[in-house]
Amino acid sequence: MNHTPLRIEDILHEYENTRLKNKGLAYARRDEVYERLPRVKELSEGGALRYLAAARARVGGQDISGENKAAVQKENRQNSAEVRSLLKEAGYPEDYLDPIYDCPLCKDTGYIDDKRCSCFTKKLIDRLYLQSNLTNILDRENFETFDTTYYSKEPAEGLPKSPYENITGVLHDAKAFVRDFKPGGGNGNILIYGETGLGKTFLSNCIAKEILDKGHTVLYLSSNELFERLLGPFLMGKDNSLSELYGLLFDCELLIIDDLGTEFTNDFVRTQFFELINRRILLGRSTLISTNLGLKQLSENYTERVMSRIIADYTVFYLYGDNIRYQKRRNQYA
Ligand SMILES: [Zn+2]
């Protein structure tokens, strides 16, 4: 993943273009309606002229009296009510001449009272996906294409369920997690563990796709990206351009950390990893971790503190069976 093109200026520029586009659209609608319904033009422009006159009077120091002002306001209200009913009669939506916004919440500025609008965060993440190529992967890897036939129906040694029964149960729970995922947080966390080639990344892609499709903010990072390219360089103060991404670590509704355990890291960053996991739990934001490591190894690598948080607050999916990659390869030559 290439982080350098993630620039806030680009996103603000995108908002500017959206506002321009919508203004153009609104002018086109106005011209079209004025042409068809001259009475609407009369009403709209009459109101605008009277506003202008009142404003000029104010600038000239002769503020119009309260009585006049009330009369102008009343007339304008009546006019706009008439405009609405004329539009409706002519088969237009009543608000056809209202300002047009892609996001009515922030009026396409990206901000609501100095705070970022949710559409801003979505734009950030969309840019991340464009860079990460995840969009292509999600087209291929989703619940529809998850193939359970690779999981054996034979009993697994020392385990209560066959790999097939197990994966069916996991898929059922994963779909429930996705279905019940709601805005505002408190949706729980998932740990997927098991050996290589058992569909852990595939499963997290399925979950990522569904949560994204529901319009939530999902940040997907391999543990390499998280530790070696983000946490480390940012916290050591080596790369300030990562601050947006760093903010998203805490803000996004679902954070996916793929393949935990493959990173090369140090104690300082590992401590930050605990802070991240812990803070997201406190904020009620969901995290999904996939790893090849067993539970014992996890607690050895990331301390007991991390492990006890995971045991208390995560739903654990254990995947087992025969390596799917080997099976596919075997089938190729069979
Ligand atoms: Zn917005």
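In the list ASP108, ASP113, ASP126, which residue meets the criterion of being acidic (Asp, Glu), within 14 Å of the ligand (Cβ to nearest atom) and open to solvent by less than 70 Å² (accessible area, probe 1.4 Å)?
ASP108
Residue by residue through the stretch 84-105, note down the ones that are away from the ligand (no atom under 16 Å from the Cβ), open to solvent by 60 Å² or more (accessible area, probe 1.4 Å) and out of contact with any helix residue (DSSP H, G or I) (no Cβ under 9 Å at 6 or more places or on another chain). Walk me through it before giving the result.
First pass over the stretch 84-105, keeping only residues away from the ligand (no atom under 16 Å from the Cβ): 84-98.
Of the ones still in play, those that are also open to solvent by 60 Å² or more (accessible area, probe 1.4 Å) are 84, 88-89, 91, 93-95.
Within the stretch 84-105, ARG84, LYS88, GLU89, GLY91 meet the criteria.
Is it the case that the stretch 165-182 has a residue that's within 30 Å of CYS106 (Cα to Cα), away from the ligand (no atom under 16 Å from the Cβ) and polar (S, T, N, Q)?
No; the residues of the stretch 165-182 include none that is within 30 Å of CYS106 (Cα to Cα), away from the ligand (no atom under 16 Å from the Cβ) and polar (S, T, N, Q).
Which pairs do you get when a residue that is closer than 13 Å to LYS122 by Cα, found in the stretch 100-111, comes within reach of a residue that is within 6 Å of the ligand (Cβ to nearest atom) and not in a loop (DSSP other than H, G, I, E, B), reach meaning Cβ atoms under 6 angstrom, with the pair 6+ apart or on two chains?
Listed pairs, sorted by first residue: CYS103/CYS119.
Those residues that are open to solvent by less than 60 Å² (accessible area, probe 1.4 Å) and either over 18 Å from ASP258 (Cβ atoms) or over 27 Å from the mean Cα position of the chain (by Cα) (or both), I need them from the stretch 134-158; list them, please.
Passing the criteria: THR148, TYR150, TYR151, SER152, ALA156.
Among the residues of the stretch 100-114, are any assigned to a helix (DSSP H, G or I) and within 30 Å of the chain's Cα centre (by Cα)?
Start the filter on the stretch 100-114 by keeping residues that are assigned to a helix (DSSP H, G or I), which leaves none.
For the stretch 100-114, residues assigned to a helix (DSSP H, G or I) and within 30 Å of the chain's Cα centre (by Cα): absent.
Given the structure, is ASP139 modelled with pLDDT of 90 or more, closer than 20 Å to LEU219 by Cα and among the charged types (D, E, K, R)?
Considered against the rule, which asks whether it is modelled with pLDDT of 90 or more, closer than 20 Å to LEU219 by Cα and among the charged types (D, E, K, R), ASP139 comes out as no.
Do you know which residues across the stretch 172-206 are open to solvent by 30 Å² or more (accessible area, probe 1.4 Å), over 17 Å from the mean Cα position of the chain (by Cα) and among the charged types (D, E, K, R)?
Across the stretch 172-206, the qualifying residues are ASP173, LYS175, GLU195.
Which condition does PHE120 not pass, out of (1) open to solvent by 20 Å² or more (accessible area, probe 1.4 Å); (2) modelled with pLDDT under 90; (3) aromatic (Phe, Trp, Tyr), if it passes all the others?
PHE120 satisfies all of (1) open to solvent by 20 Å² or more (accessible area, probe 1.4 Å); (2) modelled with pLDDT under 90; (3) aromatic (Phe, Trp, Tyr) except (1).
On the basis of being in contact with a Leu (Cβ under 9 Å, 6 or more places away or on another chain) and among the charged types (D, E, K, R), does ARG127 make the cut?
yes
The values are calculated or read from the model by the stated rules, or taken from the named source; none is laboratory data. Please read these numbers as outputs of a predicted model, since none were measured by experiment. Neighbour counts are summed over all protein chains in view; Cβ atoms, including those assigned to glycine, are modelled from backbone coordinates with ideal geometry. Note: areas computed on protein heavy atoms with side chains; ligands, DNA, RNA excluded. Shrake-Rupley method; radii C 1.70, N 1.55, O 1.52, S 1.80 Å.
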